[in-house]
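Asker: Provided herewith is a single structure, encoded as structure tokens, for subsequent inquiry.
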Amino acid sequence: MTIDLWFPTAIYHEDLKPTQHTKDRMIEYFDSIHHETDIKDGRYSGDIHQNYQLFNDSRFHWLNTEVSFHCKKFLSAFNVDVDKISIYASKAWPVIIKQGGDIFRHTHPNSVLSVVYYPQSSNPLNGGKLKFHSPNPRHMPVHPEELNDLTYSDTLYVPEEGRLFIFPSHIEHEVERYHGITPRYSISYDIIVTSSNSKHNNEFAIIDPYTWKNIDPVNTNAI
């Protein structure tokens, strides 16, 4: 008997090692939000509070570089010529999960890749795992007695401190209920992958926005 497993779901993870100074500055940023914001329902997500340009803060320039490097490394596994693409972060925002907090199941439809990095986490037994849902759900109306590679519908990852995840933005994901006392900090990026403006590669990728023109007369004075 032969059963071929096609159409895999690709999730990338890597443990980063910032210097203590870099880590302290990132934590400093999160601590200020934590102490100055009334965090309701156990969670704070910067994109909801118009705080989604974290990539402009000098405390995260190191992380910007790491995200770019690892996104290209991820894409190279798909045989993408990374010399012909550009990596843009359209959004980057802080997320704080306190005791009892979670994040509902969702996707990021306005980006190509999604990235999450954990500068501060806690004991894995405290919950708050990152759950990914299969984009290829089971359709057969039968019940397997045990799950295997043919029947899994989701997978869980422990949000280890210093760990970076990259995954296609269309994959549904969520954060399970967190039970730790110490707040858990993470940073999310929406990544747009475009053709490089310096390469002749404009048919099979989003064109580099450097060459775009706004032709909407309502939003521009251009004729």
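Asker: For segment 138-183, what are the residues that are under 20 Å from Ser122 (Cα atoms) and among the aromatic types (Phe, Trp, Tyr)?
Answerer: The answer is Tyr157, Phe165, Tyr178.
Asker: Still on this structure, please answer the following. Strands (runs of 3 or more DSSP E) wholly in segment 111-201 with at least 1 residues that are in contact (Cβ under 8 Å) with a residue 24 or more places away in the chain and of a type in the set (Asp, Glu) - which ones?
Answerer: Qualifying strands (runs of 3 or more DSSP E): 173-175, 184-195.
Asker: Here are some conditions: (1) touching a strand residue (DSSP E or B) at 6+ places or on another chain (Cβ under 7 Å); (2) without any contact (Cβ under 8 Å) to a residue 60 or more places away in the chain. Ser76 meets all but one. Which one does it not meet?
Answerer: Going through (1) touching a strand residue (DSSP E or B) at 6+ places or on another chain (Cβ under 7 Å); (2) without any contact (Cβ under 8 Å) to a residue 60 or more places away in the chain one by one, Ser76 breaks only (1).
Asker: So, one more: Return the pair list, or none, for Cβ contacts closer than 7 Å from residues in segment 1-26 that are in contact (Cβ under 8 Å) with a residue 12 or more places away in the chain and exposed (fewer than 14 other Cβ atoms within 10 Å of the Cβ) to residues that are charged (D, E, K, R) and in a loop (DSSP other than H, G, I, E, B), at least 6 apart or on different chains.
Answerer: Final answer for the pair search is Leu5/Asp149; Asp15/Glu160.
Asker: Just to verify a result, which residue in segment 54-72, among those that are in contact (Cβ under 8 Å) with a residue 40 or more places away in the chain and touching a Phe, Trp or Tyr at 6+ places or on another chain (Cβ under 9 Å), is nearest to Glu28 (Cα to Cα)?
Answerer: Within segment 54-72, the match that is nearest to Glu28 (Cα to Cα) is Phe60.
Asker: In segment 27-38, what residues are assigned to a helix (DSSP H, G or I) and surrounded by 10 or more Cβ atoms within 10 Å (Cβ to Cβ)?
Answerer: The answer is Ile27, Glu28, Tyr29, Phe30, Asp31, Ser32, Ile33, His34.
Just so you know, all these numbers are worked out from the coordinates, no wet-lab data involved. All of these numbers come straight from a predicted model, not from anything done at the bench. Please note: Cβ atoms are built from the backbone with ideal geometry, for glycine as well, and neighbour counts cover all protein chains shown.
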